[in-house]
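Here's the structure we're looking at; comments come further down.
The values are calculated or read from the model by the stated rules, or taken from the named source; none is laboratory data. These numbers were taken from a predicted model, which means no experiment stands behind them. Virtual Cβ from ideal backbone geometry, glycine too; neighbours counted across all protein chains shown.
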Amino acid sequence: CEQFAPFIDEINRLKKEKNAVILAHSYVHPEIIYGVADFTGDSYKLSKDAKAADADLIIFVAVRFMAETAKALNPGKKVLIPSRLNGCSLADSITDDDVRRLKVGNPDFTFVCYINTSAAVKAECDVCVTSSNVYDIVERIPSDKIFFLPDKLMGENLQDEMKKRGVDKEIKLYDGNCYVHAEYDADRIVRLRNQYPKLQVLSHPECSRDIVQKSDVVASTSGMMDFMREDRAGDSYLLLTECGLAGRAQAEMPGKTFIGPCLECKYMKSNSLEDIRRVLVEPEAEDVVEISDQVRAGALECIDNMFKYAE
Ligand code: 13P
Ligand code: SF4
């Protein structure tokens, strides 16, 4: 698209000049994904890409908690976040003080946090998980008392999945949710299945258990892309996750039909080429992701435990 071309050329030139790498989540605008990103994917893939990043500068085009994870994994590198509206309704629902209080009341529990949390919250928790590995990791943790935070809907899906797998663990939950995924309505699935007989319904584990139980596939954003690339049974897809993924899927799989409407995350969508160029040229203090050494050490242990249990 012509309006983006000058930005894209300049950003790609600046990237080389500054030995920078751009990591972008699948929910951000397509001109970022296809124009300037070096790595795209879900939270788990991006945290692995951040760990392996061979660059002096990391530009994290997503939300703050993901950029903080990159910083915890790369203390010697400068990490910049282009958007100023870089929150997340899940990460913002809980503080490190909240976790400390919960730990006092639940001393026998292993604290498992979703990756959608600040580094300070991770530093208070034992193991971190993402949407792509939450079920397997909780099953593998050698403890039968789990406190899962902050996503209540994902936590309910986790409780259901553990029962399905015959895993007997007490799982306590916190009360956060993702304002995007919480909006989807399970009744639509039934209506659309009548309309599209070869419909495949894919939902993210941040959706309600009502939705998850009516879905054909429950997966992270990368898991959904992988499924659709391989799938031969369906010809139309309902993606119950942030809208950006449907755009990516449509661009990569033009022969398949994606059913809308879908909902947008205002935080992810606040990233722009203009801001990426701005932080590459002259970053301000607010754009630089910093975490204290103490928080970093605790968060890193929590993230490393995820890699340990996931592999
Ligand atoms: P994924 O790890 O599945 O990409 O999810 C991240 C997220 O923020 C979902 O809303
Ligand atoms: Fe957070 Fe939801 Fe946006 Fe994902 S979609 S970044 S969980 S607010």
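Hey, any hits in the range 198-208 for a residue that's closer than 23 Å to residue 126 by Cβ and not in a strand (DSSP E or B)? Lay out the reasoning, then the answer.
Of all residues in the range 198-208, those closer than 23 Å to residue 126 by Cβ come to 205-206.
From what's left, not in a strand (DSSP E or B): 205-206.
Scanning the range 198-208 turns up at least one residue that is closer than 23 Å to residue 126 by Cβ and not in a strand (DSSP E or B).
Return a yes/no flag: does the range 188-196 have any residue that is surrounded by fewer than 20 Cβ atoms within 10 Å (Cβ to Cβ), on the phi < 0 side of the Ramachandran plot, not acidic (Asp, Glu) and not in a helix (DSSP H, G or I). Spell out the reasoning first.
Keep residues of the range 188-196 that are surrounded by fewer than 20 Cβ atoms within 10 Å (Cβ to Cβ), which gives 188, 190-196.
Subsequent filtering for residues that are on the phi < 0 side of the Ramachandran plot retains 188, 190-196.
When the remaining residues are screened for being not acidic (Asp, Glu), the result is 188, 190-196.
Subset that is not in a helix (DSSP H, G or I): 196.
Yes, the range 188-196 contains at least one residue that is surrounded by fewer than 20 Cβ atoms within 10 Å (Cβ to Cβ), on the phi < 0 side of the Ramachandran plot, not acidic (Asp, Glu) and not in a helix (DSSP H, G or I).
Looking at residue 184, is it touching a residue at least 12 places away in the same chain (Cβ under 8 Å) and away from ligand 2 (no atom under 16 Å from the Cβ)? Taking the combined requirement at face value, the residue does not satisfy it.
Go through the range 119-142 and report how many residues are within 14 Å of ligand 1 (Cβ to nearest atom) and either surrounded by fewer than 24 Cβ atoms within 10 Å (Cβ to Cβ) or part of a helix (DSSP H, G or I) (or both).
Of the residues in that region, 6 qualify.
Residue by residue through the range 85-108, note down the ones that are away from ligand 2 (no atom under 15 Å from the Cβ) and in a loop (DSSP other than H, G, I, E, B). Can you show your working first?
Within the range 85-108, the subset away from ligand 2 (no atom under 15 Å from the Cβ) is 95-108.
Matches in the range 85-108: 95, 106, 107, 108.
Condition first: part of a loop (DSSP other than H, G, I, E, B) and either within 24 Å of residue 160 (Cα to Cα) or under 19 Å from the mean Cα position of the chain (by Cα) (or both). Now tell me which residues in the range 214-261 satisfy that. Hits for the range 214-261 are 214, 215, 216, 219, 220, 241, 243. Within the range 1-59, the set of residues being basic (Lys, Arg), touching a helix residue (DSSP H, G or I) at 6+ places or on another chain (Cβ under 8 Å), more than 16 Å from residue 132 (Cβ to Cβ) and surrounded by fewer than 18 Cβ atoms within 10 Å (Cβ to Cβ) comprises just one member, 18.
Going by the structure shown, is residue 175 more than 16 Å from ligand 1 (Cβ to nearest atom), more than 19 Å from residue 137 (Cα to Cα) and at pLDDT 95 or above? For residue 175, the condition - more than 16 Å from ligand 1 (Cβ to nearest atom), more than 19 Å from residue 137 (Cα to Cα) and at pLDDT 95 or above - is met. Checking each residue in the range 23-39 for being of a type outside the set (A, V, I, L, M), in contact (Cβ under 8 Å) with a residue 60 or more places away in the chain and not in a helix (DSSP H, G or I) picks out 25, 26, 27, 29.
Looking at 241, 257, 221, which is the one that is away from ligand 1 (no atom under 16 Å from the Cβ), among the hydroxyl-bearing types (Ser, Thr, Tyr) and outside the structural domain of residue 27 (by TED's automatic domain parsing)? It would help to see each step written out before you state the result.
Values: 241 fails: away from ligand 1 (no atom under 16 Å from the Cβ); 221 fails: away from ligand 1 (no atom under 16 Å from the Cβ).
On inspection, the qualifying residue turns out to be 257.
Taking residue 41 as the residue in question, decide whether it is more than 19 Å from residue 284 (Cβ to Cβ) and modelled with pLDDT of 95 or more. First the steps, then the outcome.
Working: more than 19 Å from residue 284 (Cβ to Cβ): yes; modelled with pLDDT of 95 or more: no.
Here the answer is no, as residue 41 does not meet what is asked.
Looking at this structure, is residue 111 within 16 Å of ligand 2 (Cβ to nearest atom), out of contact with any Pro (no Cβ under 6 Å at 6 or more places or on another chain), of a type in the set (Phe, Trp, Tyr) and without any contact (Cβ under 8 Å) to a residue 60 or more places away in the chain? Even if it seems obvious, please write down each step before you answer.
Details: within 16 Å of ligand 2 (Cβ to nearest atom): no; out of contact with any Pro (no Cβ under 6 Å at 6 or more places or on another chain): yes; of a type in the set (Phe, Trp, Tyr): yes; without any contact (Cβ under 8 Å) to a residue 60 or more places away in the chain: yes.
For residue 111, the condition - within 16 Å of ligand 2 (Cβ to nearest atom), out of contact with any Pro (no Cβ under 6 Å at 6 or more places or on another chain), of a type in the set (Phe, Trp, Tyr) and without any contact (Cβ under 8 Å) to a residue 60 or more places away in the chain - is not met.
Of the residues making up the range 150-169, not a single one is part of a strand (DSSP E or B), more than 16 Å from ligand 2 (Cβ to nearest atom) and not aromatic (Phe, Trp, Tyr).
So, of the residues in the range 260-284 that are without any contact (Cβ under 8 Å) to a residue 24 or more places away in the chain and more than 21 Å from residue 23 (Cβ to Cβ), which turns out to be nearest to ligand 1 (Cβ to nearest atom)?
So the residue we want is 262.
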